[in-house]
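The values are calculated or read from the model by the stated rules, or taken from the named source; none is laboratory data. Note that this is a predicted model, so its numbers are computed, not measured. Note: accessible area is taken over every heavy atom of the protein model, side chains too, but ligands, DNA and RNA are not part of it. Shrake-Rupley method; radii C 1.70, N 1.55, O 1.52, S 1.80 Å.
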Amino acid sequence: MSSMKNTGIKRVFLIVLDSFGIGAAPDAAEFGDAATCSTLRSVTESGLFPAKNLQKLGLYNIDGVTCGARTDEPTGAYARLRELSRGKDTTIGHWEMAGIVRSDPLPTYPGGFPADVVAQLEAAFGRKILCNKPYSGTQVIHDYGREHEETGALIVYTSADSVLQIAAHEEHVPVEELYDYCRRAREIMCGAHAVGRIIARPFVGAYPNYERTPRRHDFSLAPTGETILDALKGAGKDVIGVGKISDIFASRGLTRSLGVNESNTDGMRKTMSLADEDFTGLAYINLVDGDMIYGHRRDVPGYARAMQEFDDWLTAFLPRMSESDVLMITADHGCDPGAAGTDHTREYVPLLICGAHIAPRSLGTYPTFAMIGASIADMFDVPLTTKGESFLPSILR
């Protein structure tokens, strides 16, 4: 990291459009993904994503992007980032942009959890386990919900990501009790079985019309190295999380959390309120609807509308930025709603940066998301050891 004092930057808003990838990474095939996967292309070609503000910032000028209309006069700096860590999930993506690059992937369980792990979980829960397979979250409650209600057994499942998910009906297992089961699972899933997240998945309703509730909660593995959040907090700066950020980083490095968002609309409302606050440091925002509601369900129109809602929101947010603010917009992985299957896709992600102190220009392609953490460290002149390098010298006016 290079040291640049007195940058004039007081606040950074880092917004993660969860799963908004921009095209297959060179190693996509190693992760089971087609070379044609592109969340951005699927959304753009839907015709429901005019993207007026993101286009002006330079979204379609980014290296390798062949859809959409380029702009001759971008208002932001823009880059394409490749993930260096071995993974394509939320935890790995956010950790890498915050400075942690993992050469070894977090464990996944395509065949379900081993018998000895299941035995430990059942002993800790005092309940039997149903399913124990990779499964769609909406389908699993349809297929196992009635048996769960009849027997009291917990629905435990996974996905292509490093997760252990526990689903339970709120009338049979109160939400706080479900959270306690997740805490017990977090203690068991350590060492070789240290999954990135234990996720509580409460649901309601009667068979066959079960519905998941917004009281989901993630119990994440603590970051395995120093992050930009730690560095800023240690330097006395504000670090404010919006959405899943507190969960993703196991609350570490935050000075305040505004909690999990009810929706992208709720997250954007919270972010807009922060624009009126006097703080010095980082507001780190995750907007998850594109991934959680539309990407995994392969709902192209829904995904496009969610991204357009964000683009429309920028119309009001951008003028609210002060001269000492920087806005950074990126993603943590892909989840192409036009691709086969239901899993995340291994993609490049966009990085758009704007503010009074930022010179619009192309930054090309960078080899790691960690460039983001390194650059934020540079903006506030705080030390951070990471494999990323700061791009601030290239864009600071």
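Just a few scattered comments:
- Using only the C-alpha atoms, the convex hull of the stretch 169-210 corresponds to 72 Å³ per residue.
- Put simply, the C-alpha atoms of the stretch 15-102 give a gyration tensor, and the ellipsoid matching it has half-axes of 24, 16, 11 Å, longest first.
- Calculated [θ] (222 nm, deg cm²/dmol) that DSSP helices of n ≥ 4 give over the chain, each run adding -39,500 (n - 2.57): -8500 deg cm²/dmol
- Computed over Cα pairs, the Kirkwood radius of the chain leads via Stokes-Einstein (1.306 mPa s, 10 °C) to a diffusion coefficient of 75 µm² per second.
- Per residue Cα convex hull volume in Å³ - calculated over the stretch 207-305: 122
- Global form of the stretch 259-331, assessed from the alpha-carbon gyration tensor, a/c cut-off 1.5: prolate
- DSSP bridge analysis restricted to the stretch 185-300 gives an antiparallel fraction near 45%, rounded to the nearest 5.
- Cα-based shape type of the stretch 264-397, given that a ≥ b ≥ c are square roots of the gyration tensor eigenvalues and the cut on a/c is 1.5: oblate
- Note on the stretch 108-150: Cα convex hull, mean projected area over all directions, 3.4 nm².
- Inter-centroid distance (Cα atoms) of the stretch 321-363 relative to the stretch 157-211, Å: 30
- Remark on the stretch 96-174: hydrodynamic radius 13.7 angstrom, per the Kirkwood mean of 1/r across alpha carbon pairs.
- 37 °C / 0.692 mPa s Stokes-Einstein diffusion coefficient of the stretch 211-261, Kirkwood radius on C-alpha pairs, µm²/s: 284
- For Cys67, solvent-accessible area (1.4 Å; no DNA, RNA or ligand), Å²: 10
- Cα-based Rg / Dmax (Å) for the stretch 120-253: 16.2, 53
- For the stretch 333-389, a Kirkwood radius taken over Cα pairs fed into Stokes-Einstein (25 °C, viscosity 0.890 mPa s) yields D = 178 µm²/s.
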